[in-house]
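Student: Quick one: structure below, then a few questions.
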Amino acid sequence: MKRTTLLTFTLACAMYFGSAVQAQRIAFVNTKYILDQMPEYESAQKELDRFSKQWQEEVDERYLQIKRMRDAYNAEAILLTEEMKRTRQDEIDRREREARELQKKRFGPDGDLFKKRVELVQPIQDRVYNAVKEVAGQSYVAVFDLGGQSSNLLFASEKYDKSDSVLRKLGIRPGKDKNSGATQDDEFGEDPVEETPNKQDGGMQPPVEKRDGGSDPMKTK
């Protein structure tokens, strides 16, 4: 009877401490920090800015033409017949519809700028995602992202930041002036320090949901 009780107690302790150790296998990365250090991401952003500026100028020119047409109509309205007024107003209304349609085509939810962003940025994001998976390997059960505005991680100790490891996986030397992440990063896939985090030693706290919404640098898919 005593042997059975001792065995049960031993198994319970093993399960408890096993869970505690497993809970340590959590890391985080900052994808915004990672992307900002990738030259190809900077090039993609410049290309997006170029297209955005070009298309915005195109839309602005349409509205400028409409303004000129409306100003001319207002100045000449007193001299126009009712039929001529209707014709001019119909033309202005048609131009306004076309301008709105062009603006939606360029900058709408599924517009040209969105498609161009997916085309240019998604391959880079895929590379980052694959590098994160390689760094995580079999060592971590979860990797949080602190780079998105919708991150739900309230606090994390810098020793669990694997952002620099991901950059090295991508063949990029991490920058020196780093605003987030550990300054002494572990080697790729290395297990984190096995100690129980708590509020006193600056460890990781349970996630708290945030309701701020917003877009995430890793969510153009």
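The values are calculated or read from the model by the stated rules, or taken from the named source; none is laboratory data. All values reported here derive from a predicted model rather than from experimental measurement. Using ideal geometry, Cβ is built from the backbone for each residue, glycine included, and neighbour counts are taken over all protein chains shown.
Student: Return a yes/no flag: does region 99-118 have any residue that is under 30 Å from Gly175 (Cα atoms) and β-branched (Val, Ile, Thr).
Tutor: yes
Student: Working only within region 119-149, note down all residues that are in a helix (DSSP H, G or I), of a type in the set (Val, Ile, Thr) and within 18 Å of Arg168 (Cβ to Cβ).
Tutor: Within region 119-149, Ile124, Val128, Val132, Val135 qualify.
Student: While we're looking at this one, here's another question. Please go through region 22-81 and pick out each residue that is among the aromatic types (Phe, Trp, Tyr) and either touching a strand residue (DSSP E or B) at 6+ places or on another chain (Cβ under 7 Å) or surrounded by 17 or more Cβ atoms within 10 Å (Cβ to Cβ) (or both).
Tutor: Hits for region 22-81 are Phe28, Tyr33, Tyr41, Trp55.
Student: Which ones in region 21-38 are assigned to a helix (DSSP H, G or I) and over 17 Å from the mean Cα position of the chain (by Cα)?
Tutor: Of everything in region 21-38, those that are assigned to a helix (DSSP H, G or I) and over 17 Å from the mean Cα position of the chain (by Cα) turn out to be Val21, Gln22, Ala23, Gln24.
Student: Taking interchain pairs and intrachain pairs at least six residues apart, which have beta carbon atoms under 6 angstrom, with the first residue in region 136-147 and at negative phi and the second basic (Lys, Arg) and not in a loop (DSSP other than H, G, I, E, B)?
Tutor: Close Cβ pairs satisfying both conditions: Gly147/Lys32.
Student: Please specify each residue of region 109-118 satisfying the condition of being out of contact with any helix residue (DSSP H, G or I) (no Cβ under 9 Å at 6 or more places or on another chain) and either charged (D, E, K, R) or modelled with pLDDT under 90 (or both).
Tutor: Asp110, Lys115
Student: Does Ala44 meet the test of being more than 30 Å from Ser165 (Cβ to Cβ), of a type in the set (Gly, Ala, Ser), in a helix (DSSP H, G or I) and modelled with pLDDT of 95 or more?
Tutor: Considered against the rule, which asks whether it is more than 30 Å from Ser165 (Cβ to Cβ), of a type in the set (Gly, Ala, Ser), in a helix (DSSP H, G or I) and modelled with pLDDT of 95 or more, Ala44 comes out as no.
Student: Just one of Asp93, Asp110 is under 22 Å from the mean Cα position of the chain (by Cα), under 30 Å from Ser52 (Cα atoms) and surrounded by fewer than 17 Cβ atoms within 10 Å (Cβ to Cβ); which is it?
Tutor: Among Asp93, Asp110, only Asp110 is under 22 Å from the mean Cα position of the chain (by Cα), under 30 Å from Ser52 (Cα atoms) and surrounded by fewer than 17 Cβ atoms within 10 Å (Cβ to Cβ).
Student: Filter region 57-91 down to residues that are touching a residue at least 24 places away in the same chain (Cβ under 8 Å) and either under 30 Å from Ile124 (Cβ atoms) or hydroxyl-bearing (Ser, Thr, Tyr) (or both), then give me how many there are.
Tutor: 3
Student: Let me spell it out: the conditions are (1) touching an Asp or Glu at 6+ places or on another chain (Cβ under 9 Å); (2) more than 30 Å from Asp145 (Cα to Cα), and Glu42 meets all of them except one. Which number is the exception?
Tutor: For Glu42, the exception is condition (2).
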